[in-house]
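Each remark here refers to the structure printed beneath this line.
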Amino acid sequence: MKSINLLIAFLVFSFNFSLAQKQLSISDAILKQRSTLAPERLQQLKWIEKTHTYYYIDIKAGKENLFTVNADDAKASTAALSLDELNALLKQKQQKELKTFPVLQFASGDKFNFEQDGTTIKVDLKTKSIESVEKLPVLPEKAENMDKAVNGNIAFTVGENLFFFNGKEVVQLSKDGSDDLVYGKSVHREEFGIVKGTFWSPTGQSLAFYRMDQSKVTDYPIFEVSVRPMEARKIKYPMAGDSSHFVTVGIYNTATQKTVYLKTGGPADQYLTNIAWSPDEKKVYVAVLNRDQNYLKMNSYNASTGEFEKTLFEEKEEKYVQPMNPIEFVPGKNNEFIWQSERDGYKHIYLYNTDGKLISQLTKGKWVITQVNGFDAKGENLFFMSTIESPITRHLCKVNLKSGKIQQITAGSGTHTSIPSSDGAFALDHFQSLDVPREQSIYNCASAKKTQTLKLSESPLKEYALGKLSIFTIPNKEGIPLYSRLFLPVGFDSTKKYPAVVYLYGGPNTQLVNNTWNGGGDLWFQYMAEKGYVVFTLDCRGSENRGKDFEQATFRQLGTAEMEDQVSGVNYLRKKAWVDTSRMALFGWSFGGFMTTSIMLRYPDLFKVAVAGGPVIDWKYYEVMYTERYMDTPQQNPEGYKKANTLNYVNNLKGRLMLIHGTEDPVVVWQHSLMFIKACVDNQKLVDYFVYPGHEHNVMGKDRAHLFEKITDYIFLHTR
């Protein structure tokens, strides 16, 4: 009997050990990291507008249920409606049944609607019935960029022209749209926080829109490889130092059916950014930025006539200004608004009146605002997310507009993503850290206390063999601490030597190292740790959320300070007895591709192998808005462009280097890597190359697993 018990114990141990040693595949790591290998969560967790009630979708015993809960009562909730019940209601109305809950929109605490097959279906939870089935507006088949106003008006584009639907008919607002003249779409290549081209007034009575004249911008070919013969599709691509586009802002009044254009004046190639309406719809505010991007004017314009009224304030910088957010008015005060700026060295919030008078700087300190989350019901407090604890964490805070008192609401060191209720009484919080895959909770914003944990998720990788993860800082040569992330190999033994992979980006507006689950990293890093690799990442100078001096240290010399910092990280690794310095690999994409290529050429003895995806090779061939912000024009800064141009260092190449590019990349155009291959041939340097036909700047979809298998195989080939 004793031997049998020992045998059973051994088998149980062996079974558990085998579960703990489950291995990731490339397909798992790349294609499942946002689905079955992502931490579980309550779906569609949101507030119902103007209430303390929130709703979510959860799966229990294999069945989906909709829950609605009042945050004032933290008791356990009961399902308001199951998917089976909803399908029964749909069947009664001869509507198609659903496999999962659709995206819901709540009109009140008891009623919601959703769209299905060209209809809006309205459901009453109190009576558990379908209230109505209404046909959606029929827009043209090729309609894009839909933007719906609060009164139901819908702006959209077809081709390069702008239209709107008023509930009865489609009205065409422009008729001369063409490849050269574009209406109602995002402009300035989506820099300065611009992601769309239409802006409804608060009541939906008027529409502000962009009009972009690209006639002086050079045509650039994007090759369509899927047709016979291959065709060149032309796009407009303004390269650094060349002619840019001419943007104007139109205002269409739905009542008068007339359009006026804002009289912004100034050079044609200035930037019109951060468009905002006044609450009374009489004014439009535009942040006007010069092409050098070092002088901003916040201007107000008459929405009826388009006339310039006044400049409320100006911002001038030695290097550059980067406006990312429009002004936002204080509720109930048509004459007060907030503005986000880095003027004191860190991104903070400033309170102004419409005369242009600065009332107060609401937030201060050596930390930054990462997002503004709106006001409370009375407009007395403003909510925001910030790095108030650390550059690698996020917390919900609020500031009182009168006293300037700041209160941190969320607790727990890590990354919070919080959504206050419409009156600011409560907040839905999504939290993660190195140790917590995901926690969804409710906070009381007055007491700054967590009142309820809605869901605490287990690690979806609990059955997998994982590398040990740590986040720490190392000093660069100037003593500035740089945040770093390190994955140690599974089964790490400090007496052994391991190959290493350095993954980097290094460019502006990006931060890779965060106190999040898996360190903000990709599951591919854990895959490499399973295969016995040390995986290292460092956020160098130039990356975001460390203040203006840190971010602007790269001005006019992209690649120099960043590489110095990355080399500091590499030297940290090289000093570790357990790193095999003869088997080190480097990998980066986009700006990271530029960095990877640059390091392999300017520090040729560090890495045995590298992969550069979608790399910028010569900044003269990159677009105006981004490049000139950080480098000025090639005419203004010829030495900076020459120093950053990787083509000038090709002859230094020693290790194995593979470049990867999407053939239809409209961001870092294909020409970059082709120029590099030509330079390698000219200099008798062997280099490897792989293209993804039909893909743009990122290889997405199912082909992404193929991409990472290609990258991994190449690293394995040259480091094993």
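Taking each residue of the stretch 167-193 that is closer than 15 Å to residue 140 by Cα and looking for partners that are surrounded by fewer than 14 Cβ atoms within 10 Å (Cβ to Cβ) with beta-carbon atoms closer than 7 Å, six or more apart or interchain, yields 167/152. The number of residues in the stretch 379-429 that are closer than 21 Å to residue 350 by Cα and either at pLDDT below 95 or among the hydroxyl-bearing types (Ser, Thr, Tyr) (or both) comes to 3.
All told, residue 564 meets the bar of being surrounded by fewer than 18 Cβ atoms within 10 Å (Cβ to Cβ) and among the acidic types (Asp, Glu).
Checking each residue in the stretch 614-635 for being of a type in the set (S, T, N, Q) and buried (at least 22 other Cβ atoms within 10 Å of the Cβ) picks out only 627. Just a yes or no: is a residue in the stretch 239-246 over 26 Å from the mean Cα position of the chain (by Cα) and without any contact (Cβ under 8 Å) to a residue 40 or more places away in the chain? Yes; the residues of the stretch 239-246 include at least one that is over 26 Å from the mean Cα position of the chain (by Cα) and without any contact (Cβ under 8 Å) to a residue 40 or more places away in the chain. Name the single residue, out of those in the stretch 125-174 being part of a loop (DSSP other than H, G, I, E, B), under 18 Å from residue 249 (Cα atoms) and not small (Gly, Ala, Ser), that is nearest to the chain's Cα centre (by Cα). Only one residue tops the list, namely 160. The requirement of being part of a strand (DSSP E or B) and in contact with a Pro (Cβ under 8 Å, 6 or more places away or on another chain) is satisfied by residue 474. Scanning the stretch 691-720 for residues that are under 21 Å from residue 499 (Cβ atoms) and β-branched (Val, Ile, Thr), we see that the one that is nearest to the chain's Cα centre (by Cα) is 711. Whenever a residue of the stretch 347-366 is under 15 Å from residue 312 (Cβ atoms), its partners that are modelled with pLDDT of 95 or more and polar (S, T, N, Q), lying with C-beta atoms within less than 7 angstrom and at least six residues away or across chains, give the pairs 350/341; 350/361; 351/360; 353/335; 354/335; 359/353. Given the criteria more than 28 Å from the chain's Cα centre (by Cα), within 24 Å of residue 630 (Cα to Cα) and in a loop (DSSP other than H, G, I, E, B), does residue 196 qualify? Answer is no for this residue. Among residues of the stretch 556-611 being in contact (Cβ under 8 Å) with a residue 60 or more places away in the chain and of a type in the set (Asp, Glu), the one that is nearest to residue 496 (Cα to Cα) is 580.
Per-residue answers, yes or no, for (1) in contact with a strand residue (DSSP E or B) (Cβ under 7 Å, 6 or more places away or on another chain); (2) modelled with pLDDT under 95; (3) outside any strand (DSSP E or B); (4) surrounded by 15 or more Cβ atoms within 10 Å (Cβ to Cβ):
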| position | (1), (2), (3), (4) |
| --- | --- |
| 221 | yes, no, no, no |
| 228 | no, yes, yes, no |
| 259 | yes, no, no, yes |
| 268 | yes, no, yes, no |
| 288 | yes, no, no, yes |
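Candidates 88, 20, 76: the one that is loosely packed, with under 13 Cβ neighbours inside 10 Å, at pLDDT below 95 and either more than 30 Å from residue 377 (Cβ to Cβ) or touching a helix residue (DSSP H, G or I) at 6+ places or on another chain (Cβ under 6 Å) (or both) is 20. Scanning the stretch 631-661 for residues that are assigned to a helix (DSSP H, G or I), touching a Leu at 6+ places or on another chain (Cβ under 7 Å) and either free of Cβ contacts under 8 Å to residues at least 12 places away in the same chain or of a type outside the set (Ser, Thr, Tyr) (or both) gives 631, 644, 650, 652. A search for C-beta distances below 8 Å between a residue of the stretch 261-273 that is more than 20 Å from residue 625 (Cα to Cα) and any residue that is of a type in the set (Lys, Arg) and surrounded by 15 or more Cβ atoms within 10 Å (Cβ to Cβ), counting only pairs 6+ apart in sequence or on different chains, returns 261/211. Restricting attention to the stretch 309-337, the residues being over 23 Å from the mean Cα position of the chain (by Cα) and in a strand (DSSP E or B) number 11. Among helices (runs of 4 or more DSSP H) entirely within the stretch 497-587, having at least 3 residues that are among the polar types (S, T, N, Q) singles out 560-574.
The values are calculated or read from the model by the stated rules, or taken from the named source; none is laboratory data. No experiment lies behind these values; they were computed from the predicted model shown. FYI the Cβ positions are ideal-geometry reconstructions off the backbone, even for glycines, and counts take in every protein chain you see.
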